[in-house]
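The values are calculated or read from the model by the stated rules, or taken from the named source; none is laboratory data. For clarity, every value in this text was computed on a predicted model and none was experimentally measured. In this analysis, Cβ positions are derived from the backbone assuming ideal geometry, glycine residues included, and neighbour counts consider all displayed protein chains. Areas reflect the complete protein model, heavy atoms only, side chains present, ligands, DNA and RNA absent. Shrake-Rupley method; radii C 1.70, N 1.55, O 1.52, S 1.80 Å.
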Amino acid sequence: MGQRCCSFCQRLFQPSRFHPEQTVCSDQRCQQQRRTHSRRQKLALDPEYRQVCRDSARKWRAHQAGYWKQYRPAKPGSVERNRTQQRRRDLRRRLANLANNHSALDLKASVAGVWWLGPAAADLANNNLASAQVLILQGSSGKPRLPQASCKQQPSGFLVPLA
Ligand SMILES: [Zn+2]
């Protein structure tokens, strides 16, 4: 049987005779990546597996009630990293919601002229007509309608005012 190229590290490897369909080499890092990739695929495609994983995590948390209270003070770097990542996820979710705002899709492109006026304008070398686009986002109640932070106990505190 001929050699193959590993789909993760791109190195040549000899497939196992017990697994002739093998596409990933036996390197520990590649095997770890293969398992991670496989698990993510299964989570994305199999709702039953997703539910089983959720239930399992829920059971574990119920039996280890004080785990996170001990973990957070012991690993402040990890806590800060998690907060930073959660802020990114929250922001990405807000931007996705904003992108899905259908009223924004009704907007038409517009060109606005900007003129410099007043005595200082005479001193500008290139006092030309400039084009600009203006996008105004206004909430109905005056307050921005943004989704809540994903974690109420550890809020990311990253609300972006739109108005
Ligand atoms: Zn590999």
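The single condition from (1) of a type in the set (Val, Ile, Thr); (2) under 20 Å from GLY2 (Cβ atoms); (3) open to solvent by 60 Å² or more (accessible area, probe 1.4 Å) that VAL52 fails is (2).
In the stretch 28-44, is there at least one residue being surrounded by 11 or more Cβ atoms within 10 Å (Cβ to Cβ), within 13 Å of the ligand (Cβ to nearest atom), in contact (Cβ under 8 Å) with a residue 12 or more places away in the chain and over 24 Å from the mean Cα position of the chain (by Cα)? Looking through the stretch 28-44, at least one residue is surrounded by 11 or more Cβ atoms within 10 Å (Cβ to Cβ), within 13 Å of the ligand (Cβ to nearest atom), in contact (Cβ under 8 Å) with a residue 12 or more places away in the chain and over 24 Å from the mean Cα position of the chain (by Cα).
If only residues of the stretch 6-27 that are open to solvent by less than 40 Å² (accessible area, probe 1.4 Å) and either over 29 Å from the mean Cα position of the chain (by Cα) or among the basic types (Lys, Arg) (or both) are counted, the one that is nearest to the ligand (Cβ to nearest atom) is CYS25.
Residue by residue, here is whether (1) assigned to a helix (DSSP H, G or I); (2) open to solvent by less than 90 Å² (accessible area, probe 1.4 Å); (3) at pLDDT 65 or above holds:
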| position | (1), (2), (3) |
| --- | --- |
| SER56 | yes, yes, yes |
| TYR71 | yes, yes, yes |
| ARG81 | yes, no, yes |
| ARG87 | yes, yes, yes |
| LYS108 | no, no, no |
| LEU117 | no, no, no |
| ASN126 | no, no, no |
| ARG145 | no, no, no |
